[in-house]
């Protein structure tokens, strides 16, 4: 892997990507984008909202990638959508603050806000707070917002929007979440 | 990263996933799935059809991941869809043979056939050859087939099918393929 090589001013302007929809591949596509970027020497940060499980494969794997960092702001427990616990709100807000700090410090070329669409839909953080954050994006920084039900304002602002659409689901095998695939 | 830890017979049966559609995130979602799996200690092989460029970020990045291997079977040049060169056909066939060998040797837990849907659509290899290959899949092995225009028979056979649907494209910025994002 090349040494860390920040994008220069000559590089193209960084874009904002949204991965949404009910299908598989939103988080993994952003992980893959991060992997590619890390391979080019860019510095990548993924902030995972509403996730706090230690057995996510990506957490182990990126320990081997010096310029790809993942931090989680969530608990292992599910968030109660209709009545989120104070700690869930606090964790999401901490994640947002971590993103603001990453913007200010300009230590990263790629910033992935995983499941932030869901954190907004579930009222852990507000649309406006995220839009305000996006306004502070350094020009060169590439950003990815993932999660079902992306708010229309994120879609309007984004440069690319991809809907991961579930065409076929393995209900016949009765499998829910499996190691290496869903986490 | 844990030492290589093959899936045991007790693990769930491996599935066949298809990522198709005109949107972003097919290859990157499979890279992300590979990253996760590698983080869990599974042995991952990605065979890239119709790609032979050395500047793909994922090639650099996986050098840091001891149990994630990527091999390319293609050239840097574009394949002429209507009249593919002999070398393009040969490379795709070599890729298929590499996949057969990987099946036989049982050295991998996850096998990703990147852009194989396109290789089939462009008649570099046949649908039947791929279906025959899938029949030899060890029960525990997880497989991913990516590329636009997945043949219906792949969709019928797959356990999960996700369509990456382009909702918004950055035509306004006039950008085609950028380092770290598209390769």
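The values are calculated or read from the model by the stated rules, or taken from the named source; none is laboratory data. Source: prediction; values computed, not measured. Reconstructed Cβ throughout: ideal geometry from the backbone, glycine too, with neighbour counts over all protein chains shown.
For residues in region B:68-90 being more than 9 Å from chain A (Cβ to nearest Cβ) and part of a strand (DSSP E or B), which is surrounded by the fewest Cβ atoms within 10 Å (Cβ to Cβ)? Give the derivation first.
Filtering region B:68-90 down to residues more than 9 Å from chain A (Cβ to nearest Cβ) leaves B:69-90.
With the extra rule that they be part of a strand (DSSP E or B), the set shrinks to B:69-73.
Working: B:69: 18, B:70: 22, B:71: 14, B:72: 20, B:73: 25.
That would be B:71.
With respect to residue B:145, determine if the residue is touching a residue at least 40 places away in the same chain (Cβ under 8 Å), assigned to a helix (DSSP H, G or I) and surrounded by 16 or more Cβ atoms within 10 Å (Cβ to Cβ). Quick ask: steps written out before the conclusion?
On the way: touching a residue at least 40 places away in the same chain (Cβ under 8 Å): yes; assigned to a helix (DSSP H, G or I): no; surrounded by 16 or more Cβ atoms within 10 Å (Cβ to Cβ): yes.
No, not satisfied.
Among the residues in region B:132-140, are any away from chain A (no Cβ under 13 Å), touching a residue at least 60 places away in the same chain (Cβ under 8 Å) and assigned to a helix (DSSP H, G or I)?
Here is the first cut: in region B:132-140, the residues away from chain A (no Cβ under 13 Å) are B:132-138.
When the remaining residues are screened for being touching a residue at least 60 places away in the same chain (Cβ under 8 Å), the result is B:134, B:137-138.
With the extra rule that they be assigned to a helix (DSSP H, G or I), the set shrinks to B:134.
Scanning region B:132-140 turns up at least one residue that is away from chain A (no Cβ under 13 Å), touching a residue at least 60 places away in the same chain (Cβ under 8 Å) and assigned to a helix (DSSP H, G or I).
Being at the interface with another protein chain (Cβ under 8 Å from one of its Cβ atoms), in contact with a strand residue (DSSP E or B) (Cβ under 8 Å, 6 or more places away or on another chain) and within 15 Å of residue B:30 (Cβ to Cβ) narrows it down to one residue among B:167, B:118, B:161; which is it? Working first, answer last.
On the way: B:167 fails: within 15 Å of residue B:30 (Cβ to Cβ); B:118 fails: at the interface with another protein chain (Cβ under 8 Å from one of its Cβ atoms).
Selected residue: B:161, the only one of B:167, B:118, B:161 that is at the interface with another protein chain (Cβ under 8 Å from one of its Cβ atoms), in contact with a strand residue (DSSP E or B) (Cβ under 8 Å, 6 or more places away or on another chain) and within 15 Å of residue B:30 (Cβ to Cβ).
Please go through region A:38-62 and pick out each residue that is facing chain B (nearest Cβ under 7 Å), in a helix (DSSP H, G or I) and surrounded by 21 or more Cβ atoms within 10 Å (Cβ to Cβ).
A:38, A:39, A:57, A:58, A:61, listed by residue number.
Could you list, in sequence order, the residues of region A:92-126 that are over 13 Å from residue A:138 (Cβ atoms), assigned to a helix (DSSP H, G or I) and touching a residue at least 40 places away in the same chain (Cβ under 8 Å)?
If the condition is that a residue be over 13 Å from residue A:138 (Cβ atoms), assigned to a helix (DSSP H, G or I) and touching a residue at least 40 places away in the same chain (Cβ under 8 Å), then A:92, A:95, A:98, A:116, A:117, A:118, A:119 are the ones that fit.
Over 26 Å from residue B:61 (Cβ atoms), in contact (Cβ under 8 Å) with a residue 24 or more places away in the chain and within 13 Å of another protein chain (Cβ to nearest Cβ): does that describe residue B:155? Write out each step before concluding.
Details: over 26 Å from residue B:61 (Cβ atoms): yes; in contact (Cβ under 8 Å) with a residue 24 or more places away in the chain: yes; within 13 Å of another protein chain (Cβ to nearest Cβ): yes.
When the stated conditions are applied, residue B:155 passes them.
Among the listed residues B:65, B:13, which satisfies the condition of being at the interface with another protein chain (Cβ under 8 Å from one of its Cβ atoms), surrounded by fewer than 24 Cβ atoms within 10 Å (Cβ to Cβ) and modelled with pLDDT under 95?
B:13
Of the residues that make up region A:110-119, is at least one modelled with pLDDT of 95 or more, out of contact with any helix residue (DSSP H, G or I) (no Cβ under 8 Å at 6 or more places or on another chain) and surrounded by 20 or more Cβ atoms within 10 Å (Cβ to Cβ)? Give the derivation first.
In the first step, residues of region A:110-119 are kept if they are modelled with pLDDT of 95 or more; the result is A:110-119.
If we keep only those that are out of contact with any helix residue (DSSP H, G or I) (no Cβ under 8 Å at 6 or more places or on another chain) as well, we get A:118.
Still in the running and surrounded by 20 or more Cβ atoms within 10 Å (Cβ to Cβ): A:118.
Yes, because at least one residue in region A:110-119 is modelled with pLDDT of 95 or more, out of contact with any helix residue (DSSP H, G or I) (no Cβ under 8 Å at 6 or more places or on another chain) and surrounded by 20 or more Cβ atoms within 10 Å (Cβ to Cβ).
Looking only at residues in region B:22-37 that are within 7 Å of another protein chain (Cβ to nearest Cβ) and in a loop (DSSP other than H, G, I, E, B), which one is surrounded by the fewest Cβ atoms within 10 Å (Cβ to Cβ)?
For region B:22-37, the residue satisfying everything is B:24.
Inside region B:148-163, can you point out the residues that are in a loop (DSSP other than H, G, I, E, B), buried (at least 22 other Cβ atoms within 10 Å of the Cβ) and touching a helix residue (DSSP H, G or I) at 6+ places or on another chain (Cβ under 7 Å)? Talk me through it step by step, then tell me what you get.
Our first condition is that a residue be in a loop (DSSP other than H, G, I, E, B); within region B:148-163, this holds for B:148-151, B:158-159.
Filter once more, so that each one left must be buried (at least 22 other Cβ atoms within 10 Å of the Cβ): B:150, B:158.
Residue satisfying the conditions is B:150 alone.
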